[in-house]
Structures are given as structure tokens and as C-alpha cells.
Amino acid sequence: MAVKWPSLILESLASQNVWGWNSARALVPEMRWVYGTPENLDSGEFMATHFRIVDSHGNGNGEISLVPRNCSWAAVETTGSALEILGVSSALRRIMKQVEMVSPSGSTVLVLGETGTGKELIARAIHNCSPRRDRPFVVANCGSIPAGLLESELFGHERGAFTGAINRSIGRFELAHGGTIFLDEVGDIPLELQSKLLRVIQEQELERLGSSRTMRLDFRLVAATNKNLMQLIEQERFRSDLYYRLHVFPIQLPALRHRAEDIPLLVWHFAMKFAERMKKRIEIIRAEDMRVLVKYAWPGNVRELQNFVERSVILSSDTILHMPIGELRYSPRLPVERGRTLAEAEREHILQTLRETDWVVGGPDGAATRLAVKRTTLLDKMRRLGISRPAV
């Protein structure tokens with residue numbers, strides 16, 4: 001029986017250094033229990049543990065490995081879904097809760113976040129948790145397709161529609177009929193193409209280039225960008241009506257530096273993944289190396305961490321993961337941000353304070369007190385800057 005929800009929540013109670021899984025809870029009725037055996041991969045602060053997930057019929061549906069010793073729960077992906085959304089942080093828990101809420105709705109989702117934060121993984125999770133899970137999931141990276149070809153790639157064309165169009169071509173939207181289309185780097189779509197995209201999204205119909213026949217489609221749209229779309233609107237490089245059409249349910253992904261508690265889990269996961277691929281065995285990660293990784297800012301986010309661990313596995317000739325830590329010490333502590341306006345800096349500062357206070361505005365421990373402003377003043381600033389508490 002197929003797993004319908006890619007993320008499992010596993011609970012553990014550990015006492016007196018005894019690593020025991022006390023209970024397991026899944027968000028799908030097919031999942032009934034979890035069993036596993038520690039592999040004695042103890043690195044001092046972290047332990048790699050291997051579990052196999054089974055359904056009510058005893059069939060294996062996936063695996064979980066590499067659990068930090070002191071975590072209370074972990075969001076884990078099954079191997080069948082080919083996803084790697086792992087973590088123990090409250091930030092990731094909020095994101096997965098949003099995914100759980102929006103997936104069945106069919107509404108448009110806009111995934112925002114820095115490069116390397118896993119926007120496509122979230123899009124796939126939304127699709128896999130939706131009623132469309134058994135239909136196509138089509139990806140279109142709008143930033144990697146040349147501007148002159150993007151219209152044809154998205155909407156398709158008929159033979160003879162333009163010079164070189166020797167055959168009919170089916171566009172990405174048509175391929176996604178009945179399923180989900182993921183428009184990555186939507187902020188890179190040329191302005192002249194945005195009006196046609198808006199119509200296709202609103203009407204769920206299109207005409208291929210060179211055709212006068214209108215086709216009705218049924219698709220669910222998930223879009224993503226690492227750019228500030230409001231800034232692009234101010235620069236007249238992005239249509240405001242398209243922005244509001246995409247901005248139905250925004251999901252803001254945190255940078256890896258804002259969920260540092262997830263780094264040990266990710267490091268172990270990537271280490272085991274690449275060790276298996278390279279026919280190696282990694283059993284130990286030095287605690288001092290792990291502390292450096294947790295403190296590093298990771299401007300490239302999870303993608304940078306994954307590449308760093310892969311390089312480390314290549315350099316390792318025994319059971320210890322040998323990391324080129326020196327590379328990190330000479331890297332920038334934080335990613336360089338250029339061209340931020342005063343309003344953007346103020347908005348980010350208010351958002352960070354609200355996250356730290358769990359979105360409590362008033363009171364002695366609220367965000368207004370920390371920012372040294374009146375509660376009414378902060379609420380007014382939040383309205384002006386478009387700040388609202390995310391859905392949980």
C-alpha cells in the first residue's frame with residue numbers, strides 16, 4: 001500500500017542514555033508501526049540510527065536513518081518519495097504543517113526562500129500530499145529556459161508556428177493536465193509573457209502557439225522564487241496582478257542558518273547517502289567538526305551543505321568523515337545582501353523579532369517591548385509592510 005503522506009512524525013523518549021523509540025505516529029492510516037536497530041554509530045553528541053518503516057501488511061515503504069540522540073521528533077521522508085526534507089526544528093515543523101494544510105485544497109502556492117532551501121522539495125511534498133498525487137508533477141525552471149523559448153516551453157506550439165518549428169510540441173501546462181505544474185524562478189519570467197501566463201492561470205485554458213483552438217486544462221500551480229517580487233513590481237519588472245494571483249498561499253522557507261538544529265541530522269543523512277553510493281562506510285563524525293558545521297552560516301543553504309558533505313565523503317578513506325573544515329573558516333559568515341531598501345531592512349527586523357516572540361505583539365515579553373515601540377505603532381507598521389502571521 002503506497003504511502004500518501006511523505007512525512008512521518010516519530011517520537012522518542014530517552015532516559016539514562018538508553019536510546020528507545022517509545023512510540024510512532026504517522027499522518028496516514030496505512031502506517032501502523034516502526035521498528036529499528038541502532039547501528040552503534042555513536043559520535044559523542046549524535047547517533048546514527050537505522051529504521052525501516054512498514055505498513056499494516058508488513059511491507060516496507062521507506063527508511064529513516066541518522067537521528068540525533070536528543071531530538072524529540074523528526075520529520076522524515078520515505079525513500080519511495082525521493083524527498084529529503086529532514087529536520088527537528090520548530091521552523092521546519094511549521095513549514096510541514098502549512099504543507100499539510102494547503103495540499104488538499106488545490107489552491108495556488110507561492111514558495112519563497114533563498115537559493116538552496118529546498119523549494120522544489122516542498123512543491124513535490126505538496127503534490128504528493130494532494131488528491132493529484134497519482135497524476136503528473138511537471139517542473140518548469142523559468143530561469144534556465146531562454147526567454148525566446150519560454151513561451152513555447154510553457155504553452156506548446158504547432159508545426160510551422162515559427163521558424164524551426166518542424167513538429168508539434170506539447171507545453172508544460174498541457175503535460176501537467178490533471179496534475180501539478182511547478183514554476184520555479186517565476187521572478188525571471190519576461191514581463192511581456194506575464195500577461196499570457198496570468199490568463200492561463202486564471203482561466204485554466206490556453207492556445208498553443210500557431211493555433212486558434214482553445215484547450216481547457218485542469219492543473220494545480222505551485223510557483224517559487226528567491227527574488228523579492230514586491231521590489232520587482234516597484235521596478236516595473238513584474239506585474240502586480242500576477243503577483244496577487246500567485247500569492248494565494250505563500251510559504252516562506254527559512255534559511256539553513258535559521259534552523260541550525262537540523263544540521264546534524266542533514267549531515268548524517270548526506271554522509272550515509274554518499275557513502276553508500278561510493279561503496280564506503282562512515283561511522284564517525286567528530287563532535288568538534290559538527291560544532292563548526294552548526295555554527296557556520298551556509299549562504300548556499302542545504303545545497304551547499306550537501307555538496308560539502310559529498311566532498312568530505314570523497315576525501316574519507318576510513319570510517320571517519322574527514323571534512324575540509326578550513327574551507328568554511330575562510331568563507332563569509334553571512335551571505336552578502338546587496339541593494340536592500342530601508343523598508344526591507346525594517347520589515348526583516350520586525351519579522352525576526354516576531355519569530356523570536358512566537359508572534360506575540362503586546363505584553364512585557366512581546367515584540368513591541370523588544371522593539372521599544374508602542375503596540376499600536378508596531379501593528380500599524382506591520383500593516384504598512386504587509387506583515388501577517390503565517391498560517392499554522
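Computed from the coordinates by the stated procedures, all read-outs in this text should not be read as laboratory data. If you're wondering where the values come from, they're calculated on a predicted model, not measured in any experiment. Neighbour counts run over all protein chains shown; Cβ positions are idealised from the backbone, glycine included.
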Approximate spin-label separation Arg277-Arg159, in nm, with each point projected 7 Å along Cα-to-Cβ: 4.2
For the residues Thr369, Thr341, what sequence is obtained by ranking on other C-beta atoms within 10 Å, fewest first? Thr341, Thr369
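Apply 1/(1 + (r/R0)^6) to the Cβ-Cβ distance of Leu315 and Asp358, taking R0 = 35 Å, and write down the FRET efficiency to the nearest 0.05. Let's see the in-between values first.
Numbers: r = 41 Å, r/R0 = 1.18.
Rounded to the nearest 0.05, the efficiency is 0.25.
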A 27 angstrom limit on the alpha carbon distance is what I want to check against. Which of Lys295/Lys381; Lys196/Lys227; Lys97/Lys374 exceed it? Lys295/Lys381; Lys97/Lys374
Mind giving me the FRET efficiency for Arg383 and Asp241? R0 is 22 Å, r the Cβ-Cβ distance, nearest 0.05 is fine. 0.55
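First select every other residue whose beta carbon is under 9 angstrom from the beta carbon of Arg216; then total the charges, Lys and Arg +1, Asp and Glu -1. Before the final figure, lay out the partial values.
Numbers: positive: none; negative: Glu203, Glu205, Asp218.
In short, -3.
What FRET efficiency would be calculated for the residue pair Glu344, Arg291, taking the C-beta separation as r and a Förster radius of 22 Å, to the nearest 0.05? Before the final figure, lay out the partial values.
On the way: r = 32 Å, r/R0 = 1.47.
So, using R0 = 22 Å, E works out to roughly 0.10.
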Taking 0.36 nm per residue of sequence separation and subtracting the Cα-Cα distance, how much length would be gained by fully extending the chain between Glu327 and Val248, in nm to one decimal? 24.3 nm
